[in-house]
Amino acid sequence: YLMTAHFRSGPNIESRQMQADSIVSKLRQLHKKKHPNALPTGTPIIILGDLNVYASTPDDPAQHLSTLLTGNVVDEVKFGADMLPDWDETFLMEVKPRHNGREKNWYTWRDDNKQFAPGALDRVIYTDSVMGVQNSFVLNTTIMSSSELNQSGLLTEDVLRSEKTGDFDHLPVVTDFVFKQHHLIQEEESTQ
């Protein structure tokens, strides 16, 4: 089950929190066995997109990211109680891909002409009880060698929105998942 999101940017902290709270509310529905939108127990779930996580700024503690991972809803009156969002009643897991799978950086947004520091705005969150990450990276062609570029059929400027201004905008994030062997928990009320 794939949820793609593009959270509000800029100083709209409350809006991002509302978006995260609503996603947790949806996850609650997906987990309720008798809800019309319920998924079979153990269905892999991925939440991904431009979540606009400005964790490097002191005025935005990125509570919305914490809500998605932990199920800790801020507006419980509107969106319901907290929940543990993974099938095994634990937190969700976040992929933290490095540039080209080997660099220390993992930012996904950068603009060399703005005052803002590079940031990991784009995130991939998943149910690690039923799936794992086999491979993941942020594609950054600007730091690839000539032979790597030739092998991949890429150009140095492929990840730039503007080669002239050094505007990276959002870098591609790639994740390969593997699904764990598991048995779906079935309703056994009829046999008990």
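The values are calculated or read from the model by the stated rules, or taken from the named source; none is laboratory data. The shown structure was predicted, so the numbers you read here are calculated from the model rather than taken from an experiment. Quick reminder, even Gly has a Cβ in these numbers, built from the backbone with ideal geometry, and neighbours come from all protein chains shown. Accessible surface is based on the protein model in full, side chains and every heavy atom, while ligands, DNA and RNA are left aside. Shrake-Rupley method; radii C 1.70, N 1.55, O 1.52, S 1.80 Å.
Tell me, what is the percent relative contact order of the range 40-122, built from C-alpha pairs under 8 Å that lie six or more residues apart? Write down the numbers at each step before the final one.
Details: 91 pairs, mean separation 23.8, N = 83.
Computed value for the range 40-122: 29 percent relative contact order.
Please report the antiparallel percentage of the DSSP beta bridges confined to the chain, to the nearest 5.
Working: 20 of 27 bridges.
Bridges in the chain are about 75 percent antiparallel.
Given a Förster radius of 25 Å and the C-beta distance between PHE179 and GLN29 as r, what FRET efficiency does 1/(1 + (r/R0)^6) yield to the nearest 0.05?
0.65
Report, largest value first, the span of the C-alpha coordinates of the chain along each principal axis, in whole Å.
Answer, in whole Å and largest first: 66, 39, 24 Å.
What list of ³J(HN,Hα) couplings, whole Hz, do you get for the range 20-28 from phi and the Karplus terms 6.51, -1.76, 1.60, once you set θ to phi - 60° and write x for glycine and proline?
So the Karplus estimates, Gly and Pro as x, are 5, 4, 5, 5, 5, 4, 5, 4, 4 Hz.
Tell me the GluC sites (Glu not before Pro) within the range 65-124 that lie in a loop according to DSSP and have at most 13 other beta-carbon atoms within 10 Å.
GLU89, GLU103
Heavy atoms only, probe 1.4 Å: what % of the accessible area of the range 56-111 goes to carbon and sulfur, would you let me know?
Carbon and sulfur: 52 percent of the exposed surface of the range 56-111.
Per residue, how much accessible area does the chain show when a 1.4 Å probe rolls over the protein heavy atoms, in square angstrom?
For the chain, the per-residue accessible area is 58 Å².
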